[in-house]
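See below for the structure under consideration.
The values are calculated or read from the model by the stated rules, or taken from the named source; none is laboratory data. Worth saying up front: this structure is predicted, and the values here are computed from it rather than measured. Quick reminder, even Gly has a Cβ in these numbers, built from the backbone with ideal geometry, and neighbours come from all protein chains shown.
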């Protein structure tokens, strides 16, 4: 029996009978209660979508990509040596369930508080824990799938997988690839749709139809030498690829790193530190499955009403929309003059008005240019940097914000205006003995 799920982006998404057991599992159902964009809905009210529907969308796009790149008419003789033609049905199923499971490790409000996991763990650590849990192993046994293959494709590493390493890297790229991963395609389309902005739109259907497994020329190699096979596109898809990377650039600059959205992440992390204590989030399976946005929102509401509870002040900032205000965002000229100026200014504000009244936020996002092979119409494979004048010119995004308590914002803003230039002036370098270098 095939279940059809209506999706606002992709139409009907079909799920087979055995895949429905994945959907009904505790790790996947938990994603109904984890928002995709943390507290972005406080800025963009429509952005209340969840990791649940996003993961379904990733499965749909990953399946379309798999079917295109394994089409026999799209494979060269050298590529056929890598593609396991006798096991394509197996790997197609692995790709589908890996797409469903790849985000099961996300914490409440997704990326916002991932730094509160212990021992350098991240959400991928928890995703692997979900995939290899006893509950899911029973499902994989019924579906005749190896859990290590699902882990390799969903989050890595590929060392324990049953397939050839070159092939594993290709199918992993279908989901999490930097250039054409289904995860990236869906979150850009879905986030822009629900936020009500146009920045994340691009021709994903054209892009997917142009995807191929290609053997790029090895840099500095001799004629005929090739690097490992990877995902690339035909020349006809270059504009769709440019649109994808530009969409990511604009979504980061206009939505993901928007300053009010960013300060709510800061307030959330401040609350979680107080509420969770030094231990932070657990990396054990049962506590993870029991912790969703619902539990955190309940704790925030309770703390906001009770001044005696940990995190009361931070909870009130969120529930009453009393977020800190930005008093300084450096211009391009400011950054050229002194790249560390915003941080220095925040330290001066903390010294003058108290550290509890100021927060400094800095983010850097690169990787908007991409580097992937392009199959030209003359059958030559070239770098995307050669095929596109646009891709090599998309800059990194660097943001710096100094936020201060709302109730002191006018006073601090006036102080900043009076003292900013002196505080953010470039400082002379010191030698090892602490003397100024001449």
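Kindly indicate whether any position in the stretch 350-367 is assigned to a loop (DSSP other than H, G, I, E, B) and without any contact (Cβ under 8 Å) to a residue 60 or more places away in the chain.
Filtering the stretch 350-367 for residues assigned to a loop (DSSP other than H, G, I, E, B) gives 354, 366-367.
Among the residues that remain, those that are also without any contact (Cβ under 8 Å) to a residue 60 or more places away in the chain are: 354, 366.
Yes, that holds for at least one residue.
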Residue in the stretch 195-218 that is closer than 26 Å to residue 49 by Cβ, part of a helix (DSSP H, G or I), touching a strand residue (DSSP E or B) at 6+ places or on another chain (Cβ under 6 Å) and assigned by TED's automatic domain parsing to the domain that holds residue 182 present: no
Filter result for residue 278 (outside any helix (DSSP H, G or I), free of Cβ contacts under 8 Å to residues at least 60 places away in the same chain and not assigned by TED's automatic domain parsing to the domain that holds residue 180): yes
Qualifying position, being crowded, with 19+ Cβ neighbours inside 10 Å, touching a strand residue (DSSP E or B) at 6+ places or on another chain (Cβ under 7 Å) and farther than 30 Å from residue 263 by Cβ, among 31, 56: 56
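Considering the stretch 152-166 alone, what residues qualify as being assigned to a loop (DSSP other than H, G, I, E, B) and surrounded by fewer than 17 Cβ atoms within 10 Å (Cβ to Cβ)? Talk me through it step by step, then tell me what you get.
First, the residues of the stretch 152-166 that are assigned to a loop (DSSP other than H, G, I, E, B): 155-164.
Matches in the stretch 152-166: 156, 157, 159, 160, 162, 164.
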Residue satisfying all of: in the stretch 74-83; outside any helix (DSSP H, G or I) and out of contact with any helix residue (DSSP H, G or I) (no Cβ under 6 Å at 6 or more places or on another chain); surrounded by the most Cβ atoms within 10 Å (Cβ to Cβ) among these: 83
Residues within the stretch 282-304 that are more than 16 Å from residue 35 (Cα to Cα), loosely packed, with under 14 Cβ neighbours inside 10 Å and touching a helix residue (DSSP H, G or I) at 6+ places or on another chain (Cβ under 6 Å), tallied: 0
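Out of all the residues in the stretch 368-382, which are surrounded by 16 or more Cβ atoms within 10 Å (Cβ to Cβ) and either part of a strand (DSSP E or B) or at pLDDT below 90 (or both)? If you could, list the steps in order and put the result at the bottom.
First, the residues of the stretch 368-382 that are surrounded by 16 or more Cβ atoms within 10 Å (Cβ to Cβ): 368-370, 372-375, 381-382.
Residues satisfying the conditions are 368, 369, 370, 373, 374, 375, 381, 382.
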Failed condition for residue 1, given (1) assigned to a helix (DSSP H, G or I); (2) surrounded by fewer than 19 Cβ atoms within 10 Å (Cβ to Cβ); (3) out of contact with any strand residue (DSSP E or B) (no Cβ under 8 Å at 6 or more places or on another chain): (1)
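Among the residues of the stretch 285-325, write down those that are part of a loop (DSSP other than H, G, I, E, B) and under 21 Å from residue 52 (Cα atoms). Don't jump to the end; show me each part of the working.
Our first condition is that a residue be part of a loop (DSSP other than H, G, I, E, B); within the stretch 285-325, this holds for 291-292, 306-311, 320-324.
Correct list: 291, 292.
Here's the yes/no breakdown for (1) under 20 Å from residue 4 (Cα atoms); (2) part of a helix (DSSP H, G or I); (3) modelled with pLDDT under 95:
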{"site": "91", "(1), (2), (3)": "no, yes, no"}
{"site": "97", "(1), (2), (3)": "yes, yes, no"}
{"site": "112", "(1), (2), (3)": "no, yes, yes"}
{"site": "118", "(1), (2), (3)": "no, no, yes"}
{"site": "121", "(1), (2), (3)": "no, no, yes"}
{"site": "137", "(1), (2), (3)": "no, yes, no"}
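I'd like to verify a number: residues in the stretch 383-396 that are buried (at least 17 other Cβ atoms within 10 Å of the Cβ) and not in a helix (DSSP H, G or I), how many? Full working, then the answer.
Pass one, the stretch 383-396, residues buried (at least 17 other Cβ atoms within 10 Å of the Cβ): 383-384, 387-388, 391, 394.
With not in a helix (DSSP H, G or I) added as a condition, the list becomes 383, 388, 394.
Residues that pass the stated criteria total 3.
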Selection within the stretch 37-46 - farther than 24 Å from residue 286 by Cβ and surrounded by 20 or more Cβ atoms within 10 Å (Cβ to Cβ): 37, 39, 40
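Among the residues of the stretch 398-408, write down those that are surrounded by fewer than 17 Cβ atoms within 10 Å (Cβ to Cβ) and either touching a strand residue (DSSP E or B) at 6+ places or on another chain (Cβ under 9 Å) or on the phi > 0 side of the Ramachandran plot (or both). So that I can check it myself, show each step before the final result.
Initially, the stretch 398-408 is screened for residues surrounded by fewer than 17 Cβ atoms within 10 Å (Cβ to Cβ), giving 398, 406-407.
Listed by number, the residues that qualify are 398, 406.
Out of the residues in the stretch 141-151 that are part of a helix (DSSP H, G or I) and touching a residue at least 12 places away in the same chain (Cβ under 8 Å), state the one that is nearest to residue 272 (Cα to Cα).
First, pick out the residues of the stretch 141-151 that are part of a helix (DSSP H, G or I): 141-143, 147-151.
If we keep only those that are touching a residue at least 12 places away in the same chain (Cβ under 8 Å) too, we end up with 142-143, 147-151.
Values: 142: 39, 143: 39, 147: 33, 148: 33, 149: 34, 150: 32, 151: 29 Å.
Ranking the qualifying residues of the stretch 141-151, first place goes to 151.
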Residue ID - farthest from residue 103 (Cα to Cα), chosen from residues in the stretch 128-138 that are surrounded by fewer than 21 Cβ atoms within 10 Å (Cβ to Cβ) and either touching a residue at least 40 places away in the same chain (Cβ under 8 Å) or out of contact with any helix residue (DSSP H, G or I) (no Cβ under 8 Å at 6 or more places or on another chain) (or both): 138
Contacts under 7 angstrom Cβ, first residue in the stretch 37-54 being not assigned by TED's automatic domain parsing to the domain that holds residue 22 and in a loop (DSSP other than H, G, I, E, B), partner surrounded by fewer than 22 Cβ atoms within 10 Å (Cβ to Cβ) and modelled with pLDDT of 95 or more, 6 or more apart: none
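Looking at 359, 364, which one is at pLDDT below 95, in contact with a strand residue (DSSP E or B) (Cβ under 9 Å, 6 or more places away or on another chain) and within 27 Å of residue 314 (Cα to Cα)?
Answer to the selection: 364.
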